[in-house]
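The values are calculated or read from the model by the stated rules, or taken from the named source; none is laboratory data. Quick caveat, the model's predicted, so the values are computed rather than measured. Cβ sites come from the backbone with ideal geometry, for glycine too, and all protein chains shown count toward neighbours.
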Amino acid sequence: MRDFDCLSVRNGVLHIEGVNILDLAERFGTPLFVFSEAQIRENLRRFREAFAIGWPGPVDVLPAMKANTLLATRQILSNEGAGADIYSSEELAGVLKTGVDPERVSVNGGGKPKNHLRNCVAAGVRITVEDVHEIDLIQEVAAELNKTAKIRFRVKPALPNLWRPTDFSQLTVPIDLGVQVYKSGIPPEYLPEMGRRVLAMPNVELVGLHFHSGRHHPSLWYWEGMMVRYARLIGELSKAWGGWQPTEIDIGGGMASPRDPHNKEFPRSEFLLTALGYPFLVGLRGLGDKAYHALLGKIVAALTSHSDPKVPPTIEEYGRGITSVLCRELKQNGINVDGVRLQLEPGRAMYGDTGIHLATVKTVKRQTAPIPYTWVLTDTTYFFLAGGVLEHNRHPFVFVSKPDAPAMQTADIVGHFCYADQIVLGARVPEVEDGDVVALLETGAYQESSASNFNSLPRPASVLVHGDQAELIKRAETIDDVYGRDVIPERLLTESDETT
Ligand SMILES: Cc1ncc(COP(=O)(O)O)c(C=O)c1O
């Protein structure tokens, strides 16, 4: 049962907080991103409270800026005293603009250039070290600035206890392998020596450790397994560094959002279709055209059909499960947890359900032969939902003026760009007409921040809802924005004059 959901149906129309979503579509146009201020504040509060209950020291929530780079949403979090997980100097500039406490900013990422490190040390943020040579650069810039840089090592424990398939691949790959082949994190063999060197550096202070492995699995089982291996590694490092004790332990992000869309589109079936299924499908050709197409139609329907996804743990369940295992395992590995700051960097679970993406149906296209098929063609594109495409998201959706209408047909909800532009495959949809507005849910994380301009289409605007008010927080792009960085060399322009 959710404490608060910014979405509700009132008088047969989907609302976000107190605002009728049809009115939003009419006022601002579609495609459009819409965010709920109340949901942002609520999610932050729940994370703080859920983790504070089971942890003996302070808890900092550092929402991942990459998941949502809008300054207005970030301002809400900074006003609430939240920290931030950031990656680039540009994200650093963004969070600092909103008055975030620099002590609560974790700067992640490998290959940090020297000028970025200088900006970090000057701002007094935490540098989460990823590369072996980074510590020397940090010492150098901190000495130049006559400051002490506070750093943490981003570690990468082996996770042989996590053998279930990772959700980051549509193939069947164990989580442990998925984590090992991901570039981030310092491999454990370098850490003892790096720590000893840092502890002797005059301008660098090692305040803690950081581990982010991402949303490989939505379950608590996954989190508990990670925390066991993380705590064991922290204990080993503490011994290797002469009893060093962390004052900050960061567990990164990777909790699933409530309607978790991750890796639910066509799961693993591409493999089935290509490696195993292809010879079978080719073999079907022997049946003759009619039977062949009839069977193909059934196979496609079976592969794209979708049962109700399992509900992931709530924020409270994550909080209880993670803090109890982490506390127990750290103590067993010789770490005193009293007063240690626990930090977490939720991205998708912080923002996912705070946003929706609105699109208008342009046309419903039907094919009856040789394979019957229906497409609901909308005015948006999966290029505006690119983060979700990379993660094979299957977004829940609601037709805004028909939230309770029975599903009458199966159709692919698609965009209008000239790729396949498949947004929801094999969706069960009601009778739909041109002009209907569809809300794609759970699009508050990674979507607006990853939108691109394929087909030269301007990226959509974003709106923030607060009670019964809606305010523009990012305008839509114009054609000048789209072509604004292009330069046609003068000689080509002259050549075109000469040939005309
Ligand atoms: C270091 C770090 N922290 C936090 C996050 C947020 O992860 P999620 O959105 O899965 O919670 C990311 C995402 O890539 C990350 O790289």
Worksheet item: So which residues in the stretch 147-167 are within 13 Å of the ligand (Cβ to nearest atom), within 27 Å of residue 244 (Cα to Cα) and either β-branched (Val, Ile, Thr) or in a loop (DSSP other than H, G, I, E, B) (or both)?
Response: 155, 156
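Each row is one residue, and each column tells you yes or no for (1) among the hydroxyl-bearing types (Ser, Thr, Tyr); (2) within 30 Å of residue 15 (Cβ to Cβ); (3) touching a residue at least 40 places away in the same chain (Cβ under 8 Å); (4) surrounded by 11 or more Cβ atoms within 10 Å (Cβ to Cβ).
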site	(1), (2), (3), (4)
461	no, yes, yes, yes
468	no, yes, yes, no
479	no, no, no, no
487	no, no, no, no
493	no, no, no, no
497	no, no, no, no
Discussion item. Among the residues that make up the stretch 182-205, is at least one of them of a type in the set (Phe, Trp, Tyr), more than 16 Å from the ligand (Cβ to nearest atom), assigned to a helix (DSSP H, G or I) and closer than 29 Å to residue 136 by Cα?
Written reply: yes
Fill in: Residue, nearest to the chain's Cα centre (by Cα), within the stretch 301-313, restricted to residues that are surrounded by 17 or more Cβ atoms within 10 Å (Cβ to Cβ) and farther than 30 Å from residue 339 by Cβ
312
Practice prompt. Mind listing just one residue for me: the one in the stretch 24-80 that is assigned to a loop (DSSP other than H, G, I, E, B) and β-branched (Val, Ile, Thr) and, of those, nearest to the ligand (Cβ to nearest atom)?
Written response: 69
Practice prompt. Enumerate the pairs (first residue in the stretch 338-351 and more than 19 Å from residue 57 (Cβ to Cβ); second residue anywhere and near the ligand (Cβ under 8 Å from one of its atoms) and assigned to a helix (DSSP H, G or I)) with beta-carbon separation below 9 Å, excluding pairs fewer than 6 apart on the same chain, so at least 6 apart or on different chains.
Written response: 347/66; 347/67; 348/67; 350/67; 351/67
Practice prompt. Please state which one of 196, 152 is charged (D, E, K, R), buried (at least 21 other Cβ atoms within 10 Å of the Cβ) and either assigned by TED's automatic domain parsing to the domain that holds residue 126 or closer than 30 Å to residue 114 by Cβ (or both).
Written response: 152
Worksheet item: Can residue 274 be described as within 16 Å of the ligand (Cβ to nearest atom) and of a type in the set (Ser, Thr, Tyr)?
Response: no
Worksheet, complete the sentence: Residue count, the stretch 314-350, condition surrounded by 22 or more Cβ atoms within 10 Å (Cβ to Cβ) and not polar (S, T, N, Q), comes to 14
Response to the item:
Going through the stretch 94-119 in order, the residues found to be away from the ligand (no atom under 14 Å from the Cβ), buried (at least 19 other Cβ atoms within 10 Å of the Cβ) and of a type in the set (Val, Ile, Thr) are 100
Discussion item. Going by what's in this entry, would residue 16 be described as hydrophobic (A, V, I, L, M, F, W, C) and in contact with a Cys (Cβ under 9 Å, 6 or more places away or on another chain)?
Written reply: yes
Discussion item. Which of the numbered conditions does residue 252 fail, given that it passes all the others? Conditions: (1) under 29 Å from the mean Cα position of the chain (by Cα); (2) part of a helix (DSSP H, G or I); (3) surrounded by 14 or more Cβ atoms within 10 Å (Cβ to Cβ).
Written reply: (2)
Worksheet item: Of the residues that sit in the stretch 395-414 and are touching a strand residue (DSSP E or B) at 6+ places or on another chain (Cβ under 6 Å) and not in a strand (DSSP E or B), which one is surrounded by the fewest Cβ atoms within 10 Å (Cβ to Cβ)?
Response: 407
